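Asker: Got a structure for you, written out below as structure tokens; questions coming shortly.
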Amino acid sequence: MTKKSHKRFAYPWGIIVILFMYPAWGIIASIAFFIAMVMGSTAPDYLEFGRIKHRTFTHLPWLWVFCYALGVSVTSHFDMSLIASCIVAGICLGAISHWVGDLGTPMGVPILSTKKRYSLNMWKTGHISEIKPIIMAWLAVIALAGFKVLHPDL
Ligand SMILES: [Zn+2]
């Protein structure tokens, strides 16, 4: 996926999370989460710094889940602000959306180790087919927004 498509794919993911977390987080933490999520959606590529082999360590999904758990635990344990936790969560979830976006490309992504990549082969980087996951994510936003309208207390 291109950098632009990764960001476009992250917008609906961020909106889905905010749809359900906004009552607990409020406006400032929700905005911080969303900005961090969009920045995180390109993190696995820019953290390669042109030195790490493409789609290896920075594209391991469990590494981002670990970073999420560690980051949210540390920010909570040391009584840092909710905003700090939301920034960590946003970056890590953005990176996971990046992984999903790259999973659909022919090159694929690693899962457990960097030795082997897996691909769903559903869209191609830089091709119009990249719009498929973006449309699916926006359809999920519409469906979940409808659910939220019907069940506002959830
Ligand atoms: Zn990537």
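Since every read-out is calculated from the coordinates, none of them should be taken as a lab result. No experiment lies behind these values; they were computed from the predicted model shown. A quick note on method: Cβ atoms are made from the backbone with ideal geometry, for glycine too, and the neighbour counts reach across all protein chains shown.
Asker: Run the reach check for Lys148 against lysines, Cα to Cα strictly under 30 Å, same-chain hits fewer than 8 apart removed. What comes back?
Answerer: Lys4, Lys7, Lys132
Asker: Here is a follow-up. Beyond 16 Å, how much of the Cα-Cα pair distribution for segment 33-74 remains, as a whole percent?
Answerer: Value for segment 33-74: 44 percent of Cα pairs lie more than 16 Å apart.
Asker: Something else about it: Among Leu93, His77, Asn121, whose Cα lies farthest out toward the positive end of the dipole of segment 43-154, if unit charges sit on the beta carbon of Lys, Arg (+1) and Asp, Glu (-1)?
Answerer: The Cα lying farthest towards the positive end belongs to Asn121.
Asker: If each DSSP helix of 4+ residues adds -39,500 (n - 2.57) and the sum is divided by the residues in the chain, what number results at 222 nm, nearest 500 deg cm²/dmol?
Answerer: -22500 deg cm²/dmol
Asker: Find how much the distance from Ala140 to Phe20 grows on full extension, using 0.36 nm per residue of separation minus their present alpha carbon separation; answer in nm with one decimal. Show your work: numbers first, answer last.
Answerer: Values: separation 120, 0.36 × 120 = 43.20 nm, distance 1.32 nm.
Full extension from Ala140 to Phe20 adds 41.9 nm.
Asker: Next question, about the same structure. What's the whole-number percent of alpha carbon pairs in segment 44-123 lying beyond 16 angstrom?
Answerer: 54 percent
Asker: Taking the Cα-to-Cβ direction at His151 and at Thr125 and moving 7 Å from each Cα, how far apart do the two end points lie in nm?
Answerer: 3.9 nm
Asker: Once the Cα gyration tensor of the chain is diagonalised, what are the square roots of 5 times its eigenvalues, in whole Å and ordered largest first, as equivalent ellipsoid semi-axes? Intermediate values should be presented prior to the final figure.
Answerer: Values: eigenvalues 138, 88, 28 Å².
Rounded to whole Å, the semi-axes are 26, 21, 12.
Asker: Given R₀ = 35 Å, FRET efficiency for Leu82-Lys4 by Cβ-Cβ distance, to 0.05?
Answerer: Efficiency computed from Cβ-Cβ geometry: 0.70.
Asker: Moving on to the next point. With a 10 Å Cβ neighbour count serving as the proxy for reagent exposure, in which order, fewest first, do Tyr11, Tyr46 appear?
Answerer: Numbers: Tyr11 18, Tyr46 11.
Going from least to most buried by this count: Tyr46, Tyr11.
Asker: Also, quick follow-up: Could you tell me how many cubic angstrom of Cα convex hull volume segment 79-120 has per residue?
Answerer: 70 Å³
Asker: For Thr105, Thr125, what's the fewest-to-most ordering of other Cβ within 10 Å of each Cβ?
Answerer: Lowest count first: Thr125, Thr105.
Asker: Still on this structure, I have one more. Would you mind calculating the relative contact order of segment 3-150 from Cα pairs under 8 angstrom and at least 6 residues apart, reporting the percent as a whole number?
Answerer: RCO, segment 3-150: 30 percent.
Asker: Can you tell me the Rg and the Dmax, both Å, for the Cα atoms in segment 79-154?
Answerer: In Å, with Rg to one decimal and Dmax whole: 16.4, 46.
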